[in-house]
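No lab work stands behind these numbers, since they all come straight from the coordinates. Treat the numbers as computed from the prediction; the structure is a model and nothing was measured. As a convention, Cβ positions derive from the backbone with ideal geometry for all residues, glycine included, and neighbour counts pool all protein chains shown.
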Amino acid sequence: MGTDMEKIEDLKSQLSYPKDIVIISHRNPDGDAIGSSMAFRYFLEEYGHVVKVIYPSEYPVAFEFIKGIDQCIIFDSEPQKAALEIEKAEIIACLDFNALDRIDKLGPLVNNSKATKLLIDHHLDPEPFADFSLSETTASSTCELVYKFIQLLGEDRKINTFISELLFIGLITDTGSFKYSTNPYTYEVASELKKKGADDYKMQDLIHNTMTPKQVALLGHCLANRLELLPELTAGIITLTKQDYIDFDISRGDTEGIVNYVLMMKGMKVAAFITEQPTIVKLSLRSKGDISMQELARKYFNGGGHKNASGGAVYNKLENVVDKFKNVLPEFLNSNEL
Ligand code: 5GP
Ligand code: MN
């Protein structure tokens with residue numbers, strides 16, 4: 001697939017002496033974005049590179065357990081610092097996104113930079129902005145591809161236990177703990193990481209068993225009061241209003257994973273989590289089998305992602321977006337596969 005093997009030697013020589021490197025991942029970074037960028041940072045530091053990780057927006061508090069994550073630059077809070085680091089950078093690594101609009105105002109800064117751009121990602125429809133790309137849509141996660149990239153460099157011995165555990169984060173979160181999006185290589189990577197000492201039980205615990213009482217209450221509210229089932233369409237929608245955000249004091253990461261509950265119901269194939277944000281309405285879409293949420297998100301909701309997990313955003317009222325979803329779904333499912 002999209003791997004520039006012939007350029008790997010050139011990249012290897014660029015990496016062979018210390019450089020200023022910036023790693024960027026997508027807005028609202030998730031486990032894979034954070035795990036891959038932090039793992040890649042520590043891997044590059046093993047060579048003596050000076051590495052800065054930049055996220056467009058804040059990371060969820062659930063990932064505060066990661067050593068050094070507080071050294072990341074959040075563009076929303078420190079735009080000038082982020083811009084300065086991008087200006088200084090000789091190499092920019094873009095991880096877990098493939099279109100510059102996924103990093104908001106960082107997009108033009110990256111686009112205008114003279115640095116060598118490296119893309120490691122597994123989303124559909126990549127934009128051609130990188131000098132070197134490892135873009136494989138069949139990969140479970142960007143963490144899997146960071147492991148592959150390090151293997152391509154012939155440097156897997158630099159992956160220590162700590163880096164292994166960071167890479168495990170994306171494997172776990174992007175596959176729902178190995179329930180979907182896996183391929184034979186995913187398990188090879190998991191095996192190698194475990195051999196390198198990764199404590200996967202500890203990582204599962206750190207990732208999943210950290211809900212706060214507030215988050216459990218919010219989940220209960222979503223399932224009891226905000227879930228609408230459309231059994232004839234094998235679909236379910238969960239919505240959250242601006243008022244819910246105030247009432248439940250919802251902050252970043254609190255809504256993570258709620259969409260998946262729809263698909264835990266027998267026979268359900270499509271799940272939508274639609275939330276009213278300050279200026280936009282955000283959609284999180286999930287599906288099973290051949291139904292492509294990426295196509296639905298791209299066609300109707302200015303979004304994209306993966307076949308079974310995509311997202312989008314619309315400038316409209318919450319009820320209009322929900323109506324649009326309900327209106328387009330029957331026809332969409334007919335043309336897809338029900
Ligand atoms: P989530 O629903 O967890 O926010 O995102 C699911 C997947 O869709 C992720 O891979 C994410 O990168 C992608 N995604 C989420 N929102 C958007 C969006 O607005 N635009 C695009 N292109 N992808 C999105
Ligand atoms: Mn990912």
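For segment 34-48, the Karplus equation 6.51 cos²θ - 1.76 cosθ + 1.60, evaluated at θ = phi - 60°, returns couplings of 6, x, 5, 6, 6, 4, 5, 4, 5, 5, 5, 5, 4, 7, x Hz by residue, with Gly and Pro reported as x. Once the Cα atoms are used to define both axes, helix 79-88 deviates from the longest principal axis of the chain by about 40 degrees.
Round to the nearest 10 and give me the degree value, 0 to 90, for the angle of helix 213-225's Cα axis relative to the longest principal axis of the chain. Orientation of helix 213-225: about 40 degrees from the principal axis.
For the chain, the relative contact order is 12 percent, taking Cα pairs closer than 8 Å that sit 6 or more residues apart in sequence and dividing their mean separation by the residue count.
Need one word for segment 211-326: rounded, prolate or oblate. Basis is the Cα gyration tensor (sqrt eigenvalues a ≥ b ≥ c); a/c below 1.5 gives rounded, then a/b vs b/c decides. It is oblate, given that a/c is not under 1.5 and a/b is not larger than b/c.
Spatial offset of segment 294-338 relative to segment 85-106 amounts to 27 Å, using the alpha carbon center of each. Our note on the geometry: Cα centres of segment 242-290 and segment 37-61, 28 Å apart. The overall shape of the chain, judged from the alpha-carbon gyration tensor, is prolate: a/c is not under 1.5, and a/b is greater than b/c. Taking Cα centre as origin and charging only the Cβ of basic (Lys, Arg, +1) and acidic (Asp, Glu, -1) residues, the dipole magnitude of the chain rounds to 300 debye. Label sites at GLU45 and GLU228, each approximated as a point 7 angstrom past Cα along Cα to Cβ, lie 4.8 nm apart. If R0 is 41 Å, the Cβ-Cβ spacing of ASP290 and GLN71 corresponds to a FRET efficiency of close to 0.45.
Label reach from GLU319 (point 7 Å along Cα→C-beta): in segment 225-262, amide nitrogens under 19 Å belong to 225-229, 237-245. Against the main long axis of the alpha-carbon atoms of the chain, helix 161-174 sits at an angle near 30°.
Report summary: the helix-based calculation at 222 nm, which adds -39500 (n - 2.57) for every DSSP H run with n ≥ 4 and divides by the residues of the chain, gives -12000 deg cm²/dmol.
Considering only ILE34, ALA313, PHE325, and ranking their Cα positions along the charge dipole of the chain that arises from unit charges at the beta-carbon of Lys, Arg, Asp and Glu, the one farthest toward the positive end is PHE325. Stretching the chain fully between LYS299 and LYS326 yields a gain of 8.3 nm (0.36 nm per residue, less the alpha carbon separation). Loop-located GluC sites (Glu not before Pro) across segment 32-96 with a Cβ neighbour count of 16 or fewer within 10 Å are GLU46, GLU64, GLU90, with loop assigned by DSSP. Each of SER135, ASN336, LEU219 was placed along the dipole of the chain (beta-carbon charges, centred on the mean Cα), and the one lying farthest toward the positive end is LEU219.
Applying 1/(1 + (r/R0)^6) with R0 = 35 Å to the Cβ-Cβ distance of TYR17 and THR138 gives a FRET efficiency near 0.55.
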